[in-house]
Amino acid sequence: MPTILLLLSFPAGILGYALGVRVMQSLPLGDDTRGFLVLFVPLFVAGLVMLPFLIPFFDRKAKQDLAEYARIREAASDAPAEAPETDQE
């Protein structure tokens, strides 16, 4: 399911971007302000729209990494500790 949501985040981002552009173009702003806002505000809106779709995917990956890290630490603690060799002549 998280992989499907990851794939659905791209169309949702495109729709959020298009909606943001349309709203920003309809506002009565100056030409200098409009160019700056039309560039950045729709990207911010697209990111906010994509975020709920991306969180489950990255959460699953983080849980896998934490499980792997715990397994490695457990394997390292179960291994017998090697004594350092002393130099005897």
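Among the residues of region 38-52, write down those that are farther than 19 Å from residue 7 by Cα, surrounded by 12 or more Cβ atoms within 10 Å (Cβ to Cβ) and among the aliphatic types (A, V, I, L, M).
38, 41 - these are the residues of region 38-52 that are farther than 19 Å from residue 7 by Cα, surrounded by 12 or more Cβ atoms within 10 Å (Cβ to Cβ) and among the aliphatic types (A, V, I, L, M).
When only residues in region 58-89 that are of a type outside the set (D, E, K, R) and modelled with pLDDT of 90 or more count, which is nearest to residue 3 (Cα to Cα)?
58
Out of all the residues in region 1-37, which are surrounded by 14 or more Cβ atoms within 10 Å (Cβ to Cβ) and charged (D, E, K, R)?
34
Does residue 43 fit the bill of being part of a helix (DSSP H, G or I) and at pLDDT below 85?
no
The values are calculated or read from the model by the stated rules, or taken from the named source; none is laboratory data. Quick caveat, the model's predicted, so the values are computed rather than measured. Positions of Cβ are generated from backbone atoms using ideal geometry, with glycine treated the same way; all protein chains shown enter the neighbour counts.
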